[in-house]
Amino acid sequence: MPDRIAPELKHQLQQAHLQALEFRRAIKQFDPTQPLAPEDFRFICQAARLAPSSNGIEPWNIVVLREPKLRAEFVERTGLNPDQGIDASHLVAITAKTAKGIDPDTSPYLAHIAETVKGMTPDAVATWRPRFKQFLVHKVGVWGSQDATFGYTARQAYIALSNMMTAAALIQVDSCALEGLAYAEANAVLAEAGLINLETDRFAVAAVFGYRAADPKRPQQRRPLGEVVIYS
Ligand SMILES: Cc1cc2nc3c(=O)[nH]c(=O)nc-3n(C[C@H](O)[C@H](O)[C@H](O)COP(=O)(O)O)c2cc1C
């Protein structure tokens, strides 16, 4: 196989990537005096934007909770830990599409993806819609169940989340994914603030980004590679 990348550069990139993955820890306490540079947060958001998704439908949004009052309300009502939710530089709520949000027959969002983002012709869109529906019904088998369909879109949203945390770690920005919170309240706060329409979009997972105030108590603990990877 031909070399696609100079061996020296490959080695450097591999080391940098592994170091970033080792640097990334679930940070419990953030330094409230250290904001992220806007361009660093933008870089992290670009990583979400470029994440892959099933059928390329990007069924997520990154909602950045900027206003202190709204952010405090989100933290309070969802029961998030203020050491993370308030003290970190940025708090984001990642939302995913509901079944209505990606309904192949009716969703304006899907039309937008097909026509504008993918640049498909009206004829191509007309063939793609039923094909995508068949995919949801027969391949992933989620159509017909609101929960299963949201599970399908939320799985994609987690890929965007993962991209964000890895991008952050590459520039030594700390983060923590946050699932330990009241989902109904998260949805209510976002909807009341007019940030999402619950018919088409729902809260999937939150994350914070910033700089650590304290190192994690334990070293990173993982199973060895030989246990994780199973070869046939
Ligand atoms: C989807 C997801 C949700 C998580 N939810 C929380 C959370 O609500 N609160 C928290 O402190 N950590 C949360 N974590 C962090 C994990 O507990 C942490 O990643 C795991 O224990 C491994 O530690 P490490 O990330 O430092 O290597 C979450 C991680 C993921 C991937």
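I'd like to know if the range 112-130 contains one or more residues that are among the charged types (D, E, K, R), touching a helix residue (DSSP H, G or I) at 6+ places or on another chain (Cβ under 9 Å), under 30 Å from L70 (Cβ atoms) and free of Cβ contacts under 8 Å to residues at least 40 places away in the same chain. Steps first, answer last, please.
Restricting attention to the range 112-130, the residues satisfying the condition of being among the charged types (D, E, K, R) are 115, 118, 123, 129.
Those left that are additionally touching a helix residue (DSSP H, G or I) at 6+ places or on another chain (Cβ under 9 Å): 115, 118, 129.
Next, from what is left, pick out any that are under 30 Å from L70 (Cβ atoms): none.
The answer is no; no qualifying residue exists.
Of these, A47, A88, A99, A124, which one is of a type outside the set (K, R), within 26 Å of Q146 (Cβ to Cβ) and modelled with pLDDT of 95 or more?
The unique qualifying residue is A99.
Out of G56, G101, which single residue is in contact with an Asp or Glu (Cβ under 7 Å, 6 or more places away or on another chain), away from the ligand (no atom under 16 Å from the Cβ) and among the small types (G, A, S)?
On the way: G56 fails: in contact with an Asp or Glu (Cβ under 7 Å, 6 or more places away or on another chain).
That would be G101, the only listed residue that is in contact with an Asp or Glu (Cβ under 7 Å, 6 or more places away or on another chain), away from the ligand (no atom under 16 Å from the Cβ) and among the small types (G, A, S).
Within the range 137-190, restricting attention to residues that are away from the ligand (no atom under 14 Å from the Cβ) and among the hydroxyl-bearing types (S, T, Y), which residue is surrounded by the most Cβ atoms within 10 Å (Cβ to Cβ)?
So, considering only residues that are away from the ligand (no atom under 14 Å from the Cβ) and among the hydroxyl-bearing types (S, T, Y), the one surrounded by the most Cβ atoms within 10 Å (Cβ to Cβ) is T153.
I need every pair where a residue in the range 213-226 that is within 18 Å of A88 (Cα to Cα) has its Cβ under 6 Å from the Cβ of a residue that is more than 10 Å from the ligand (Cβ to nearest atom) and not in a loop (DSSP other than H, G, I, E, B), sequence separation at least 6 or different chains.
A213/F30
Go over the candidates D31, D40 one by one and state the one that is of a type in the set (D, E, K, R), in contact (Cβ under 8 Å) with a residue 40 or more places away in the chain and within 30 Å of V117 (Cβ to Cβ).
On the way: D31 fails: within 30 Å of V117 (Cβ to Cβ).
Checking each option against the conditions leaves just D40.
Restricting to the range 173-232, what's the tally of residues that are part of a strand (DSSP E or B) and within 28 Å of D147 (Cβ to Cβ)?
Kept after step one, since they are part of a strand (DSSP E or B), are these residues of the range 173-232: 174-178, 201-210, 212.
Okay, now just the ones that are also within 28 Å of D147 (Cβ to Cβ), so 175-178, 201-208.
Residues meeting the conditions: 12.
Just to be sure I understand, how many residues within the range 191-203 are touching a Leu at 6+ places or on another chain (Cβ under 8 Å) and closer than 21 Å to A48 by Cβ?
Residues flagged as touching a Leu at 6+ places or on another chain (Cβ under 8 Å) and closer than 21 Å to A48 by Cβ within the range 191-203 amount to 3.
The values are calculated or read from the model by the stated rules, or taken from the named source; none is laboratory data. Fair warning: this is a prediction, and the values are worked out from it, not measured in the lab. As a convention, Cβ positions derive from the backbone with ideal geometry for all residues, glycine included, and neighbour counts pool all protein chains shown.
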